[in-house]
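The values are calculated or read from the model by the stated rules, or taken from the named source; none is laboratory data. Everything numeric here is computed off the predicted structure, so don't read it as measured data. Glycine gets a Cβ as well: all are built from the backbone with ideal geometry, and neighbour counts include every protein chain shown. For accessibility, only protein heavy atoms count, side chains too; no ligands or nucleic acids. Shrake-Rupley method; radii C 1.70, N 1.55, O 1.52, S 1.80 Å.
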Amino acid sequence: IDFTIPHDLREGYVNNSRERFEFHFNRVFDADTLQDEVFDGVARAAVLNALDGYNSTIFAYGQTGSGKTYTMTGGTERYEDRGIIPRAISMIYQELNKRVDFQYNIHISYMEIYCEQGYDLIRDDENAMEQDELPRVTRMEDAEGNLHLVNLSAHLAQSEADALNLLFLGDVNRSISETSMNLVSSRSHCIFTIMIEARQESTAVVRRSKLHLVDLAGSERVYKSGAEGDTLREAKNINLSLHFLEQVIVALSERRQHVPYRNSFMTSVLRDSLGGNCKTAMVATINPSAAYFSEAISTCRFAQRVACIKQMAQVNEELDPNVVIARLKREVQQLKEELAYYRGGQEAVELTESEQRRAREAVEGFVFDATGE
(Lines give C-alpha, C1' and ligand atoms only; values in the text may rest on other atoms or scores of the structure.)
Protein backbone atom coordinates (compact mmCIF):
# COMPACT_ATOMS: atom_id res chain seq x y z
CA ILE A 1 0.00 0.00 0.00
CA ASP A 2 1.38 3.39 -1.01
CA PHE A 3 0.76 6.93 0.25
CA THR A 4 1.81 9.98 -1.78
CA ILE A 5 1.72 13.39 -0.09
CA PRO A 6 2.78 16.14 -2.55
CA HIS A 7 4.73 19.09 -1.17
CA ASP A 8 2.64 22.10 -0.31
CA LEU A 9 4.03 25.02 -2.35
CA ARG A 10 2.67 27.43 0.22
CA GLU A 11 5.42 26.23 2.58
CA GLY A 12 8.10 27.23 0.08
CA TYR A 13 9.96 25.47 -2.71
CA VAL A 14 12.62 24.18 -0.30
CA ASN A 15 10.74 21.37 1.39
CA ASN A 16 12.57 18.22 2.37
CA SER A 17 9.58 16.39 3.89
CA ARG A 18 8.98 12.88 2.64
CA GLU A 19 6.50 12.57 -0.22
CA ARG A 20 6.02 8.80 -0.65
CA PHE A 21 5.40 6.04 1.90
CA GLU A 22 5.28 2.35 1.02
CA PHE A 23 4.22 -0.56 3.26
CA HIS A 24 4.01 -4.32 2.74
CA PHE A 25 1.55 -6.62 4.52
CA ASN A 26 0.29 -10.20 4.31
CA ARG A 27 -3.01 -9.00 2.90
CA VAL A 28 -4.61 -5.68 1.95
CA PHE A 29 -8.41 -5.35 1.82
CA ASP A 30 -10.02 -2.44 0.00
CA ALA A 31 -13.27 -0.71 0.86
CA ASP A 32 -15.33 -3.07 -1.33
CA THR A 33 -14.15 -6.26 0.37
CA LEU A 34 -16.99 -8.36 1.79
CA GLN A 35 -17.08 -9.52 5.39
CA ASP A 36 -16.74 -13.21 4.51
CA GLU A 37 -13.51 -12.45 2.58
CA VAL A 38 -12.08 -10.66 5.62
CA PHE A 39 -13.01 -13.58 7.86
CA ASP A 40 -11.45 -16.15 5.53
CA GLY A 41 -8.28 -14.10 5.15
CA VAL A 42 -7.81 -13.23 8.83
CA ALA A 43 -9.80 -15.36 11.25
CA ARG A 44 -10.44 -18.82 9.83
CA ALA A 45 -6.95 -20.11 10.64
CA ALA A 46 -7.15 -18.62 14.15
CA VAL A 47 -10.42 -20.45 14.89
CA LEU A 48 -9.00 -23.78 13.68
CA ASN A 49 -5.85 -23.24 15.75
CA ALA A 50 -7.94 -22.61 18.87
CA LEU A 51 -9.90 -25.82 18.31
CA ASP A 52 -6.60 -27.69 17.95
CA GLY A 53 -5.42 -26.46 21.36
CA TYR A 54 -3.45 -23.29 20.49
CA ASN A 55 -4.14 -19.92 22.11
CA SER A 56 -5.15 -17.47 19.37
CA THR A 57 -5.83 -13.75 19.23
CA ILE A 58 -7.23 -11.36 16.65
CA PHE A 59 -7.24 -7.65 17.39
CA ALA A 60 -8.29 -4.63 15.37
CA TYR A 61 -6.27 -1.40 15.59
CA GLY A 62 -6.76 1.98 13.93
CA GLN A 63 -8.07 5.48 14.30
CA THR A 64 -11.63 6.18 15.36
CA GLY A 65 -14.21 5.79 12.61
CA SER A 66 -11.99 3.60 10.40
CA GLY A 67 -14.07 0.43 10.74
CA LYS A 68 -12.66 -1.63 13.64
CA THR A 69 -15.98 -2.43 15.33
CA TYR A 70 -17.63 -3.10 11.96
CA THR A 71 -14.83 -5.55 11.12
CA MET A 72 -14.94 -7.33 14.48
CA THR A 73 -18.67 -7.27 15.30
CA GLY A 74 -20.29 -6.28 12.01
CA GLY A 75 -23.36 -4.37 10.96
CA THR A 76 -26.90 -4.93 12.16
CA GLU A 77 -28.86 -4.30 8.97
CA ARG A 78 -27.99 -7.42 6.96
CA TYR A 79 -27.00 -10.95 7.87
CA GLU A 80 -24.12 -10.77 5.37
CA ASP A 81 -22.64 -7.87 7.38
CA ARG A 82 -21.74 -10.07 10.34
CA GLY A 83 -18.22 -9.46 11.57
CA ILE A 84 -15.36 -11.69 12.68
CA ILE A 85 -16.75 -12.46 16.16
CA PRO A 86 -20.20 -13.83 15.18
CA ARG A 87 -18.68 -15.69 12.22
CA ALA A 88 -16.05 -17.23 14.51
CA ILE A 89 -18.80 -18.39 16.87
CA SER A 90 -20.71 -20.01 14.01
CA MET A 91 -17.61 -21.72 12.68
CA ILE A 92 -16.67 -23.13 16.10
CA TYR A 93 -20.02 -24.89 16.58
CA GLN A 94 -19.99 -26.16 13.00
CA GLU A 95 -16.57 -27.70 13.63
CA LEU A 96 -17.72 -29.24 16.92
CA ASN A 97 -20.36 -31.22 15.04
CA LYS A 98 -17.62 -32.69 12.82
CA ARG A 99 -15.11 -33.51 15.57
CA VAL A 100 -16.91 -36.40 17.25
CA ASP A 101 -13.73 -37.86 18.75
CA PHE A 102 -13.60 -35.11 21.38
CA GLN A 103 -15.98 -33.77 23.98
CA TYR A 104 -15.97 -29.97 24.05
CA ASN A 105 -17.01 -27.38 26.62
CA ILE A 106 -17.25 -23.74 25.49
CA HIS A 107 -17.25 -20.83 27.94
CA ILE A 108 -17.62 -17.15 27.06
CA SER A 109 -16.37 -14.01 28.80
CA TYR A 110 -16.66 -10.40 27.64
CA MET A 111 -14.63 -7.63 29.27
CA GLU A 112 -14.50 -3.90 28.72
CA ILE A 113 -11.54 -1.67 29.61
CA TYR A 114 -12.91 1.84 30.09
CA CYS A 115 -10.64 4.63 31.36
CA GLU A 116 -8.13 2.06 32.66
CA GLN A 117 -10.80 0.17 34.62
CA GLY A 118 -12.00 -3.32 33.76
CA TYR A 119 -15.72 -4.19 33.66
CA ASP A 120 -17.59 -7.46 33.10
CA LEU A 121 -20.06 -6.86 30.28
CA ILE A 122 -22.08 -10.02 30.99
CA ARG A 123 -24.19 -10.52 34.11
CA ASP A 124 -26.15 -13.59 35.13
CA ASP A 125 -29.45 -11.69 35.08
CA GLU A 126 -28.85 -10.93 31.36
CA ASN A 127 -30.26 -7.42 31.53
CA ALA A 128 -28.64 -4.33 30.05
CA MET A 129 -27.27 -1.91 32.64
CA GLU A 130 -25.40 1.36 33.05
CA GLN A 131 -21.61 1.63 33.20
CA ASP A 132 -21.43 2.12 36.97
CA GLU A 133 -23.63 -0.97 37.54
CA LEU A 134 -21.28 -3.37 35.76
CA PRO A 135 -19.07 -5.61 37.95
CA ARG A 136 -15.54 -4.23 38.33
CA VAL A 137 -12.73 -6.52 37.16
CA THR A 138 -9.33 -6.31 38.86
CA ARG A 139 -5.91 -7.76 38.10
CA MET A 140 -3.98 -10.12 40.35
CA GLU A 141 -0.69 -11.94 39.80
CA ASP A 142 0.20 -15.19 41.54
CA ALA A 143 3.65 -16.18 42.83
CA GLU A 144 4.60 -17.54 39.39
CA GLY A 145 3.72 -14.29 37.61
CA ASN A 146 0.51 -15.57 36.01
CA LEU A 147 -2.22 -12.96 35.62
CA HIS A 148 -5.71 -13.62 36.99
CA LEU A 149 -8.76 -11.45 36.30
CA VAL A 150 -10.81 -11.28 39.49
CA ASN A 151 -14.59 -10.96 39.16
CA LEU A 152 -14.68 -11.73 35.42
CA SER A 153 -17.43 -14.28 34.79
CA ALA A 154 -17.24 -17.20 32.35
CA HIS A 155 -20.56 -18.45 30.96
CA LEU A 156 -21.17 -21.91 29.55
CA ALA A 157 -22.43 -21.74 25.95
CA GLN A 158 -23.88 -25.08 24.89
CA SER A 159 -25.04 -23.84 21.49
CA GLU A 160 -24.35 -21.17 18.91
CA ALA A 161 -27.51 -19.33 20.02
CA ASP A 162 -26.23 -19.19 23.63
CA ALA A 163 -22.89 -17.72 22.54
CA LEU A 164 -24.51 -15.12 20.25
CA ASN A 165 -26.90 -14.05 23.02
CA LEU A 166 -23.92 -13.44 25.32
CA LEU A 167 -22.22 -11.41 22.56
CA PHE A 168 -25.29 -9.27 21.93
CA LEU A 169 -25.82 -8.64 25.66
CA GLY A 170 -22.22 -7.50 26.03
CA ASP A 171 -22.49 -5.22 23.00
CA VAL A 172 -25.54 -3.52 24.54
CA ASN A 173 -23.54 -2.80 27.71
CA ARG A 174 -20.54 -1.32 25.86
CA SER A 175 -19.61 2.33 26.26
CA ILE A 176 -20.21 4.30 23.06
CA SER A 177 -20.78 7.98 22.37
CA GLU A 178 -21.08 10.41 19.50
CA THR A 179 -18.04 12.37 18.34
CA SER A 180 -17.42 14.64 15.40
CA MET A 181 -15.52 11.81 13.68
CA ASN A 182 -17.82 8.88 14.53
CA LEU A 183 -21.51 8.86 15.51
CA VAL A 184 -21.15 5.58 17.42
CA SER A 185 -17.56 5.73 18.61
CA SER A 186 -16.40 2.94 20.92
CA ARG A 187 -15.00 4.58 24.03
CA SER A 188 -13.43 1.44 25.46
CA HIS A 189 -11.32 -1.57 24.56
CA CYS A 190 -13.36 -4.78 24.49
CA ILE A 191 -12.04 -8.36 24.75
CA PHE A 192 -14.40 -11.18 23.79
CA THR A 193 -12.88 -14.49 24.90
CA ILE A 194 -13.94 -18.00 23.88
CA MET A 195 -12.48 -20.65 26.21
CA ILE A 196 -12.37 -24.12 24.66
CA GLU A 197 -11.88 -27.32 26.65
CA ALA A 198 -11.47 -30.55 24.66
CA ARG A 199 -11.38 -34.07 26.13
CA GLN A 200 -10.85 -37.29 24.26
CA GLU A 201 -12.59 -40.36 25.58
CA SER A 202 -10.50 -43.07 27.30
CA THR A 203 -7.58 -40.65 27.90
CA ALA A 204 -6.67 -38.34 30.78
CA VAL A 205 -5.37 -35.63 28.44
CA VAL A 206 -7.33 -32.37 28.25
CA ARG A 207 -6.73 -29.40 25.94
CA ARG A 208 -7.53 -25.90 27.16
CA SER A 209 -7.18 -23.00 24.73
CA LYS A 210 -8.45 -19.43 24.43
CA LEU A 211 -9.54 -17.38 21.44
CA HIS A 212 -9.29 -13.65 22.20
CA LEU A 213 -11.18 -11.36 19.82
CA VAL A 214 -10.22 -7.78 20.63
CA ASP A 215 -11.84 -4.56 19.44
CA LEU A 216 -9.55 -1.72 20.50
CA ALA A 217 -10.90 1.78 20.92
CA GLY A 218 -9.84 4.13 18.15
CA SER A 219 -7.07 6.64 18.53
CA GLU A 220 -7.99 10.23 17.78
CA ARG A 221 -6.36 13.63 17.63
CA VAL A 222 -8.26 15.92 19.95
CA TYR A 223 -7.69 19.02 17.86
CA LYS A 224 -9.47 17.28 14.97
CA SER A 225 -12.28 15.66 16.94
CA GLY A 226 -12.98 18.71 19.12
CA ALA A 227 -13.60 16.49 22.16
CA GLU A 228 -14.69 18.13 25.40
CA GLY A 229 -15.75 17.04 28.88
CA ASP A 230 -16.18 13.28 29.35
CA THR A 231 -15.39 12.64 25.69
CA LEU A 232 -12.04 14.43 26.13
CA ARG A 233 -11.27 12.39 29.27
CA GLU A 234 -12.10 9.19 27.40
CA ALA A 235 -9.91 10.20 24.45
CA LYS A 236 -6.96 10.89 26.75
CA ASN A 237 -7.23 7.46 28.39
CA ILE A 238 -7.64 5.73 25.01
CA ASN A 239 -4.62 7.45 23.49
CA LEU A 240 -2.52 6.76 26.62
CA SER A 241 -3.34 3.04 26.65
CA LEU A 242 -2.61 2.79 22.91
CA HIS A 243 0.69 4.58 23.55
CA PHE A 244 1.59 1.94 26.15
CA LEU A 245 0.56 -0.76 23.67
CA GLU A 246 2.97 0.71 21.13
CA GLN A 247 5.75 0.72 23.73
CA VAL A 248 5.17 -3.00 24.31
CA ILE A 249 5.17 -3.69 20.57
CA VAL A 250 8.43 -1.77 20.08
CA ALA A 251 10.08 -3.61 22.97
CA LEU A 252 9.01 -6.99 21.60
CA SER A 253 10.02 -6.21 18.01
CA GLU A 254 13.47 -5.03 19.18
CA ARG A 255 13.89 -8.10 21.45
CA ARG A 256 14.40 -5.99 24.58
CA GLN A 257 14.80 -7.77 27.90
CA HIS A 258 12.22 -5.66 29.70
CA VAL A 259 8.76 -5.37 28.18
CA PRO A 260 6.50 -2.83 29.98
CA TYR A 261 3.34 -4.96 30.16
CA ARG A 262 2.29 -3.53 33.53
CA ASN A 263 2.02 0.05 32.30
CA SER A 264 -1.66 -0.36 31.41
CA PHE A 265 -4.59 -2.66 32.08
CA MET A 266 -4.90 -3.61 28.42
CA THR A 267 -1.25 -4.61 27.91
CA SER A 268 -1.35 -6.66 31.11
CA VAL A 269 -4.37 -8.60 29.90
CA LEU A 270 -2.91 -9.12 26.42
CA ARG A 271 0.55 -10.15 27.67
CA ASP A 272 0.35 -13.72 26.38
CA SER A 273 -1.38 -12.64 23.18
CA LEU A 274 1.37 -10.22 22.23
CA GLY A 275 4.58 -11.97 23.19
CA GLY A 276 3.79 -15.34 24.71
CA ASN A 277 2.23 -18.67 23.92
CA CYS A 278 -0.24 -17.52 21.28
CA LYS A 279 -0.85 -17.20 17.55
CA THR A 280 -1.85 -13.60 16.89
CA ALA A 281 -3.25 -11.76 13.88
CA MET A 282 -3.80 -8.01 13.64
CA VAL A 283 -6.27 -6.10 11.50
CA ALA A 284 -5.15 -2.52 10.86
CA THR A 285 -7.98 -0.24 9.68
CA ILE A 286 -7.35 3.14 8.04
CA ASN A 287 -9.37 6.02 6.67
CA PRO A 288 -8.28 6.54 3.02
CA SER A 289 -9.29 10.21 3.02
CA ALA A 290 -6.37 12.56 2.37
CA ALA A 291 -7.26 14.51 5.52
CA TYR A 292 -6.29 11.47 7.61
CA PHE A 293 -3.14 10.36 5.78
CA SER A 294 -0.92 11.05 8.80
CA GLU A 295 -3.08 8.81 11.04
CA ALA A 296 -3.16 6.10 8.35
CA ILE A 297 0.63 6.17 7.98
CA SER A 298 1.04 5.88 11.77
CA THR A 299 -1.28 2.86 11.79
CA CYS A 300 0.69 1.18 9.01
CA ARG A 301 3.97 1.78 10.83
CA PHE A 302 2.50 0.24 13.97
CA ALA A 303 1.28 -2.77 11.99
CA GLN A 304 4.73 -3.38 10.54
CA ARG A 305 6.23 -3.36 14.03
CA VAL A 306 3.66 -5.95 15.08
CA ALA A 307 4.71 -8.13 12.12
CA CYS A 308 8.28 -8.25 13.47
CA ILE A 309 7.26 -10.04 16.69
CA LYS A 310 8.17 -13.72 16.91
CA GLN A 311 5.89 -16.02 18.90
CA MET A 312 6.33 -19.64 20.01
CA ALA A 313 2.84 -21.11 20.31
CA GLN A 314 2.37 -24.59 21.75
CA VAL A 315 -0.59 -26.91 22.14
CA ASN A 316 -2.01 -26.50 25.65
CA GLU A 317 -2.30 -30.12 26.77
CA GLU A 318 -2.24 -31.39 30.33
CA LEU A 319 -3.36 -34.39 32.36
CA ASP A 320 -6.73 -33.95 34.03
CA PRO A 321 -6.06 -34.70 37.74
CA ASN A 322 -9.63 -35.87 38.33
CA VAL A 323 -9.39 -38.50 35.60
CA VAL A 324 -5.94 -39.61 36.81
CA ILE A 325 -7.17 -39.92 40.41
CA ALA A 326 -10.18 -42.01 39.35
CA ARG A 327 -7.95 -44.33 37.29
CA LEU A 328 -5.47 -44.75 40.15
CA LYS A 329 -8.29 -45.56 42.57
CA ARG A 330 -9.50 -48.31 40.25
CA GLU A 331 -5.98 -49.71 39.98
CA VAL A 332 -5.52 -49.66 43.76
CA GLN A 333 -8.79 -51.51 44.30
CA GLN A 334 -7.84 -54.11 41.71
CA LEU A 335 -4.44 -54.65 43.34
CA LYS A 336 -6.07 -55.00 46.76
CA GLU A 337 -8.34 -57.73 45.40
CA GLU A 338 -5.41 -59.57 43.79
CA LEU A 339 -3.38 -59.35 47.02
CA ALA A 340 -6.27 -60.75 49.04
CA TYR A 341 -6.59 -63.66 46.61
CA TYR A 342 -2.89 -64.58 46.84
CA ARG A 343 -3.02 -64.43 50.64
CA GLY A 344 -5.32 -67.43 50.53
CA GLY A 345 -8.53 -65.85 51.54
CA GLN A 346 -7.27 -63.98 54.58
CA GLU A 347 -9.19 -61.07 53.12
CA ALA A 348 -12.20 -62.53 51.38
CA VAL A 349 -13.08 -61.04 48.02
CA GLU A 350 -16.76 -60.90 47.20
CA LEU A 351 -17.50 -61.70 43.56
CA THR A 352 -20.45 -60.13 41.82
CA GLU A 353 -23.07 -62.35 40.19
CA SER A 354 -21.70 -61.61 36.72
CA GLU A 355 -18.15 -62.47 37.86
CA GLN A 356 -19.39 -65.76 39.39
CA ARG A 357 -21.20 -66.60 36.17
CA ARG A 358 -18.11 -65.94 34.03
CA ALA A 359 -15.97 -68.05 36.38
CA ARG A 360 -18.43 -70.96 36.26
CA GLU A 361 -18.55 -70.81 32.44
CA ALA A 362 -14.75 -70.83 32.26
CA VAL A 363 -14.47 -73.88 34.54
CA GLU A 364 -17.14 -75.82 32.65
CA GLY A 365 -15.52 -74.93 29.33
CA PHE A 366 -12.20 -76.31 30.59
CA VAL A 367 -13.62 -79.52 32.11
CA PHE A 368 -15.83 -80.52 29.22
CA ASP A 369 -13.45 -79.49 26.43
CA ALA A 370 -13.85 -82.15 23.71
CA THR A 371 -10.70 -81.23 21.77
CA GLY A 372 -8.36 -82.67 24.39
CA GLU A 373 -6.18 -79.55 24.39
Just to be sure I understand: of the beta bridges DSSP finds with both ends in the chain, what percent are antiparallel, rounded to 5?
75
Approximate spin-label separation residue 337-residue 290, in nm, with each point projected 7 Å along Cα-to-Cβ
8.6
So for the chain, taking the charge dipole from beta-carbon charges (+1 Lys/Arg, -1 Asp/Glu), which of 326, 6, 263 sits furthest toward the positive end?
6
Under 5 Å between amide H atoms, partner at least 5 residues away or on a different chain: which partners does residue 82 have, H built in plane at 1.01 Å?
75
So which of 68/236; 210/310; 279/329; 68/310 end up more than 30 Å apart by C-alpha?
279/329
Could you sort 116-123, 143-150 so that the peptide with the highest average Cβ count within 10 Å comes first and the rest follow in order?
116-123, 143-150
Per residue value of the accessible surface for the chain (all protein chains in place, 1.4 Å probe), Å²
59
What percent does the relative contact order of the chain come to when contacts are Cα pairs within less than 8 Å and at least six residues apart?
21
Burial ranking of peptide ranges 283-291, 85-93, 254-262 (average Cβ count within 10 Å, highest at the top):
85-93, 283-291, 254-262
Could you pull out every residue, at least 5 positions away or on a different chain, whose amide H is within less than 5 Å of the one on residue 279? Hs are placed 1.01 Å off N in the peptide plane, and Pro or chain starts have none.
55, 56, 57
Amide proton proximity set for residue 103, modelled H, under 5 Å, gap of 5+:
199, 200, 201
What 222 nm value per residue comes from the helices of the chain, counting each DSSP H run with n ≥ 4 as -39,500 (n - 2.57) and dividing by all residues, nearest 500 deg cm²/dmol?
-11500 deg cm²/dmol
Heavy-atom accessible area of the chain with neighbours in place, 1.4 angstrom probe: carbon+sulfur share in percent works out to 49
Within a Gaussian network of the chain (alpha carbon springs, distance under 10 Å), most fluctuating of 236, 336, 210
336
Under the Karplus curve 6.51 cos²θ - 1.76 cosθ + 1.60, θ = phi - 60°, whole-Hz ³J(HN,Hα) for the range 18-31, x wherever Gly or Pro sits
6, 9, 10, 10, 10, 10, 10, 9, 4, 7, 10, 9, 8, 5
Measuring from label point to label point, each 7 Å out along Cα→Cβ, what is the residue 247 to residue 298 span in nm?
1.7
Using a Gaussian network model of the chain whose springs link C-alpha atoms within less than 10 Å, name the residue from 302, 293, 21 with the highest mean-square fluctuation.
21
Entry for Kirkwood radius over Cα pairs in Å (calculated from the structure that is shown) out of (i) 25.0; (ii) 24.2; (iii) 31.6:
(ii)
Length gained if residue 323 through residue 156 is fully extended, taking 0.36 nm per residue and subtracting the Cα-Cα distance, is 58.0 nm
